[in-house]
1. Regarding residue 116, is this residue over 21 Å from residue 249 (Cβ atoms) and either hydroxyl-bearing (Ser, Thr, Tyr) or open to solvent by 70 Å² or more (accessible area, probe 1.4 Å) (or both)?
2. Looking only at the stretch 219-274, which residues are within 21 Å of residue 180 (Cα to Cα), polar (S, T, N, Q) and surrounded by 20 or more Cβ atoms within 10 Å (Cβ to Cβ)?
3. For the stretch 409-436, enumerate the residues that are open to solvent by less than 40 Å² (accessible area, probe 1.4 Å), at pLDDT 70 or above and not polar (S, T, N, Q).
4. Could you tell me which of the residues 122, 78 is surrounded by fewer than 14 Cβ atoms within 10 Å (Cβ to Cβ) and in contact (Cβ under 8 Å) with a residue 12 or more places away in the chain?
5. Where residues in the stretch 383-408 are under 30 Å from residue 277 (Cβ atoms) and of a type in the set (S, T, N, Q), which of them is surrounded by the most Cβ atoms within 10 Å (Cβ to Cβ)?
6. Filtering the stretch 154-197 down to residues that are in a loop (DSSP other than H, G, I, E, B), aliphatic (A, V, I, L, M) and touching a Ser or Thr at 6+ places or on another chain (Cβ under 8 Å), which residue is modelled with the highest pLDDT?
7. Which one of 549, 524 is farther than 30 Å from residue 434 by Cβ, in a strand (DSSP E or B) and either among the aromatic types (Phe, Trp, Tyr) or modelled with pLDDT under 70 (or both)?
8. Identify the residue in the stretch 142-153 that is buried (at least 16 other Cβ atoms within 10 Å of the Cβ) and more than 28 Å from the chain's Cα centre (by Cα) and, among all such residues, is modelled with the highest pLDDT.
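The values are calculated or read from the model by the stated rules, or taken from the named source; none is laboratory data. This structure is a prediction, so every number in the text was calculated from the model and none was measured. Quick reminder, even Gly has a Cβ in these numbers, built from the backbone with ideal geometry, and neighbours come from all protein chains shown. Just so you know, the surface numbers come from the protein's heavy atoms only, side chains and all, with ligands and any DNA or RNA stripped out. Shrake-Rupley method; radii C 1.70, N 1.55, O 1.52, S 1.80 Å.
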Amino acid sequence: MRKKLVALLSVLALLLAPSLVQAQAADSVIPDEQLMTPRPPEENTGGYSGAYFDDQKTLFRAFTYVEAWAGTNYATNGAITCLSSQEEPCKSSNYLFFETPLSPCSDTRTRDCVASLSGRIGENALANATLVDTLTSTFTQLSNNLLNRYNTPFKGDIARGVPDSGQVSLWTIPGMQHQGGNLFLLIPKLNAEFQNVAGTNPSSLDVGLFAVSKIPVAGVQLDTCFFSTTTDCYKRWPFPQNAAFKVSIKTGAKIVGWFHGRLSAPEISSEKLSDGQTLINIEGAVTTVPILAVWAKNTDLPSKLNTMIQEEFVQRGNQFAGVAYYLGNQSDRSTQAVMDERNPSFNDNFFERYMLWVDVAKDKAYASVSTWSFRTMQNAQGYEKCIGDSGVAGMVTTNSNAYIAGPPKFEDGNLAYRVASPHFDSKGQVQVGTYDLAIRSDVARCIYGFTSAPIQATLSVIYADGESKNATTLVSEKNNWLRLSAKGFTYSSPTIKVKLSQEAPAPTPTPTPTPTPTPTATPVTDPAPSAKPVVAKKVTITCVKGKTVKKVTAVKPVCPAGFKKK
């Protein structure tokens with residue numbers, strides 16, 4: 001999620017609506033999917049820092065806008081919203097931002113759209129979903145100025161990879177019910193940061209599906225709605241058990257072909273279409289993901305964590321990163337209560353910070369939610385020549401709260417993949433981990449320098465103390481896909497290691513000299529006319545006459561007159 005957007009939206013969304021206080025339901029049956037972000041331990045008091053790690057948190061906003069920036073500095077460069085990416089200043093900007101949901105495909109919408117959605121329970125066949133409605137989100141907490149800025153439809157630019165703006169969609173799927181009814185909300189979001197005029201920078205595709213129910217928005221406390229329009233509030237519910245879904249999306253945007261997300265047993269493919277777009281197909285089962293949410297006094301934070309937050313605060317020009325629940329002196333953290341909701345847990349730089357927050361939360365999750373989502377990497381992380389763009393090269397999926405999003409690092413013959421979550425779920429039970437990697441065989445060979453020979457792989461789960469513990473693992477290569485899977489391991493921060501190898505090529509045999517045949521008097525048969533000519537071999541015989549011995553070599557040797565063959 002964009003740094004500048006979180007900072008800007010945070011202050012205005014919560015400070016403009018101070019009457020919004022959390023009214024968490026006392027009813028114990030409320031699903032974790034409906035838990036709201038916890039508020040600070042003390043209201044209207046500074047000196048608190050918090051963290052909220054849920055990569056679905058920013059997806060539901062479904063903003064729609066295209067805007068031009070003057071440069072890359074979030075703190076000093078303002079933005080101008082455009083109604084079209086082909087109008088100034090957006091047309092000439094090398095620092096273009098855009099974000100939009102993608103509408104369902106139709107007779108009038110054939111580009112950058114949802115081609116289909118389907119679902120199933122267990123091993124049943126996929127059933128095609130039926131479109132119920134398309135929706136536009138609203139944020140009544142925002143000022144009119146911000147509403148105009150972030151809810152502004154726009155015209156795209158095919159040559160630059162900018163789509164026309166779209167809407168989220170509401171669906172039903174035959175035979176699929178959940179606790180709240182039968183509605184499913186699909187939010188496929190395409191966005192880019194600092195896109196240049198040539199459109200050579202990649203965009204990001206971020207897709208989430210949610211089980212929802214609809215109630216009138218009138219009289220509802222809006223922060224209890226997962227998604228809202230001007231007329232309706234949508235509540236989130238757990239997915240039905242053993243549910244799996246498939247979505248197909250067409251896009252002409254340049255995206256990095258490496259996906260990561262929250263589903264299990266992924267089946268993925270892509271196809272280049274005649275109009276230059278790519279059709280992306282993602283299928284997989286629902287998984288349950290922990291959420292980390294915690295507050296603490298700055299003075300009670302681990303010193304290393306407090307130093308990290310303070311250093312970033314200073315680097316940003318004394319601007320907080322996150323949502324402000326209380327803002328005293330904006331340039332002084334000790335007078336603020338700010339929760340960081342950016343989910344910066346998909347890269348090495350922030351992984352250590354996440355683990356420090358897990359310690360603050362006493363190794364326990366705030367919630368455990370059923371999830372189906374995926375997204376692309378923002379850059380290829382040095383694998384450009386192997387991964388390419390637009391097509392599907394590979395996908396990593398896991399139910400861990402934090403993970404490194406790119407292809408696993410290849411070191412000393414191992415793929416090393418870091419995942420992390422609280423050890424305990426929201427109910428106090430031990431968290432059980434899942435990990436799936438699917439990578440095209442040709443991409444794997446390119447990244448890791450393998451030949452065309454079959455790849456062998458073994459998978460293990462290594463913990464911080466160096467111990468290797470049992471996990472159910474599966475490794476296979478079939479139909480040009482290498483698949484690796486680990487189930488049943490526990491957290492907090494294990495490393496999944498995959499040992500890849502190939503058999504050494506069989507050595508080329510050294511030619512063995514043909515031995516000289518044993519002499520024989522057997523006549524050589526003339527070859528048949530149709531056979532290849534055969535060169536007759538000479539043989540040697542021994543002839544004797546008294547004490548005189550002679551050896552005769554010829555094709556048909558005969559002893560001289562007076563000599564007899566020995």
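1. Working: over 21 Å from residue 249 (Cβ atoms): no; either hydroxyl-bearing (Ser, Thr, Tyr) or open to solvent by 70 Å² or more (accessible area, probe 1.4 Å) (or both): yes.
Taking the combined requirement at face value, the residue does not satisfy it.
2. 228
3. Passing the criteria: 415, 416, 417, 419, 420, 422, 425, 428, 433, 435, 436.
4. The match here is 122.
5. 397
6. In the first step, residues of the stretch 154-197 are kept if they are in a loop (DSSP other than H, G, I, E, B); the result is 154, 156, 161, 163-167, 173-177, 179-180, 182, 196-197.
Next, from what is left, pick out any that are aliphatic (A, V, I, L, M): 173, 176, 197.
So of that shortlist, the ones also touching a Ser or Thr at 6+ places or on another chain (Cβ under 8 Å) come out as 173, 197.
On the way: 173: 98, 197: 93.
Per the criteria, the residue is 173.
7. 549
8. Going residue by residue through the stretch 142-153, those that are buried (at least 16 other Cβ atoms within 10 Å of the Cβ) are 142, 146, 149-152.
Subset that is more than 28 Å from the chain's Cα centre (by Cα): 142, 146, 149, 152.
Values: 142: 58, 146: 64, 149: 75, 152: 90.
Among residues in the stretch 142-153 that are buried (at least 16 other Cβ atoms within 10 Å of the Cβ) and more than 28 Å from the chain's Cα centre (by Cα), the one modelled with the highest pLDDT is 152.
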